[in-house]
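In what follows, a structure is listed as structure tokens, so that the remarks can point back to it.
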Amino acid sequence: MSIEIENIVFNENGLIPAVVQDEQTGQVLMLAYMNKQAVEQTIATGETWFYSRSREELWNKGATSGNRQQVRQLSLDCDDDSILVQVTPKGPACHTGETSCFYKPALAGESNRQIVHELIREIRNRKENPVEGSYTAYLFREGIDKVLKKIGEEASEVIIGAKNEDKQELTSELADLTYHTLVLMEIAGVDIDDVKQELVQRRTKDEGD
């Protein structure tokens, strides 16, 4: 999170635009402004601080709502005149209750970038709030042995799909395997971040060899 404040190019009002991004999902959460003091407070506290142009004062995101943002990384752009703040959000970023302030699509289209994290949230919701007729709720009810059996079956079907050289079949079976693996992770208390961190450590170790 280290950043040299003297390198920051503030505008004529002493401000720099700050783009806030969910470090885990990559989703852009909000755009706000920082002055020098807000940057210093953000670095010192590990939470996001901004400067309100309308109120002409500093504000700590989530101080009132509880939806704080834990800062993971700060990055300046190539011209040093805008800043990317990657965070772990503790709640919605938008005052409307939306996860992101950018929830109004101006161009029709569908993104699959969030699908894994959306699926994880849905799986967790089915665990905490079982719905009659839900296959996911059924898996949680049956327990880990049932899930492990399904993972074994899906892994075998992935192998068959690959041997058949059928891309669509393989894609479908990989999706099934991914889904059941995510259910297993929820049962076992393994977070997607745990897997990512393990991969980062392996890559770092490999680069050091």
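Coordinate-derived values only; no laboratory data. What you are looking at is a predicted structure, and each value in this text was computed from that prediction instead of being measured. Cβ: placed from backbone, ideal geometry, glycine included. Neighbour counts: every protein chain shown.
What to note about this one:
- Modelled spin-label separation between E40 and H117, with each label point placed 7 Å from Cα along the Cα-to-Cβ direction: 3.2 nm.
- Over segment 121-209, the fraction of Cα-Cα pairs per 10 Å bin, rounded to whole percents and listed from the shortest bin up, is 16, 34, 32, 15, 2, 0.
- For the chain, the longest principal axis of the C-alpha atoms and the axis of helix 36-45 are separated by about 40°.
- Fewest-first ranking of W59, W49, using other Cβ atoms within 10 Å as the exposure measure: W59, W49
- Computed E for L76/N13 - FRET, C-beta separation, R0 30 angstrom, nearest 0.05: 0.95
- Against the empirical 2.2 N^0.38 Å (N residues), the chain has a Cα radius of gyration ratio of 1.30.
- Segment 59-180, relative contact order in percent, only Cα pairs under 8 angstrom and at least six apart counted: 11 percent
- If you sort the three axes of the alpha carbon gyration tensor as a ≥ b ≥ c, you get a/c of 1.5 or more for segment 5-89 and a/b no higher than b/c, which makes it oblate.
- In degrees, nearest ten, helix 115-128 long axis to first principal axis of the chain (Cα): 70 degrees
- Extension gain from K146 to V131, taking 0.36 nm per residue of separation minus the Cα-Cα distance: 3.6 nm
- Helix axis angle, 167-188 relative to the chain longest principal axis, alpha carbon, degrees: 70 degrees
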